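Here the structure is laid out as structure tokens; the discussion comes afterwards.
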Amino acid sequence: MNVTYRRAVPADIPAIEQLFAEMLASVGDKGCGGYENGYLDKFFGGGDVIYVAVSDGDVVGYVSVELYPDFVYLDDLSVTERFRGKGIGTKLIKFAERYAADSNVPMTSLHVERSNTAARYLYQRLGYAVSGEEDERFRMTKHIRKG
């Protein structure tokens, strides 16, 4: 399995939207139809970015990263089902953490559905800790060291 990683380009949007729908279905969210039209545009050309994992020309995973003055927010993370458990999510998170360090912000933050225990355990293994509870989600944070 050969997987490469890069910043997303606008041509990746359909694949990212499909992965987002897969992620929602995996946590049982049937109320959301997907991203609002034009939502992903903010990740191309500003401080916010998307990193993708690509195998045989297909986008098989992504993480969207929003830059704030004091933290980087991992907005969405999804890996298509047949590629899960192969370290792709971990590698995508590491790209987001490197982006935080390179941007001189001290922390990364994310939300995870309470029901998504596999994702929560992944984040905990990578050093994230629950820092708050919001409805059906936990907020998790990790302090980042430059270097």
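Restricting the search to segment 97-131, which residues are aliphatic (A, V, I, L, M), under 14 Å from the mean Cα position of the chain (by Cα) and outside any helix (DSSP H, G or I)?
110, 112, 126
Failed condition for residue 114, given (1) crowded, with 16+ Cβ neighbours inside 10 Å; (2) over 23 Å from residue 5 (Cα atoms), with all others met?
(1)
Can you list residue pairs whose Cβ atoms sit under 7 Å apart, with the first residue in segment 61-75 being of a type in the set (S, T, N, Q) and the second being assigned to a strand (DSSP E or B)? Count only pairs 6 or more apart in sequence or on different chains.
Listed by first residue and then by second, the contacts come to 64/50; 64/75; 64/76.
Residue 76 passes all but one of (1) part of a strand (DSSP E or B); (2) touching an Asp or Glu at 6+ places or on another chain (Cβ under 9 Å); (3) of a type outside the set (Ser, Thr, Tyr); (4) at pLDDT below 95; which number fails?
Against the list (1) part of a strand (DSSP E or B); (2) touching an Asp or Glu at 6+ places or on another chain (Cβ under 9 Å); (3) of a type outside the set (Ser, Thr, Tyr); (4) at pLDDT below 95, residue 76 comes up short only on (2).
Among the residues in segment 82-96, are any surrounded by 13 or more Cβ atoms within 10 Å (Cβ to Cβ), at pLDDT below 95, touching an Asp or Glu at 6+ places or on another chain (Cβ under 7 Å) and not in a helix (DSSP H, G or I)?
Taking every residue of segment 82-96 in turn, none turns out to be surrounded by 13 or more Cβ atoms within 10 Å (Cβ to Cβ), at pLDDT below 95, touching an Asp or Glu at 6+ places or on another chain (Cβ under 7 Å) and not in a helix (DSSP H, G or I).
Are any of the residues in segment 132-144 surrounded by 14 or more Cβ atoms within 10 Å (Cβ to Cβ) and assigned to a helix (DSSP H, G or I)?
No, that holds for no residue.
I'd like the residue in segment 20-58 that is of a type in the set (A, V, I, L, M) and at pLDDT 95 or above and, out of all such residues, is surrounded by the fewest Cβ atoms within 10 Å (Cβ to Cβ).
If we take residues in segment 20-58 being of a type in the set (A, V, I, L, M) and at pLDDT 95 or above, then 54 is surrounded by the fewest Cβ atoms within 10 Å (Cβ to Cβ).
The values are calculated or read from the model by the stated rules, or taken from the named source; none is laboratory data. Here the structure is a predicted model, which means the values were calculated and not measured. Cβ atoms come from the backbone with ideal geometry, glycine included; neighbour counts cover every protein chain shown.
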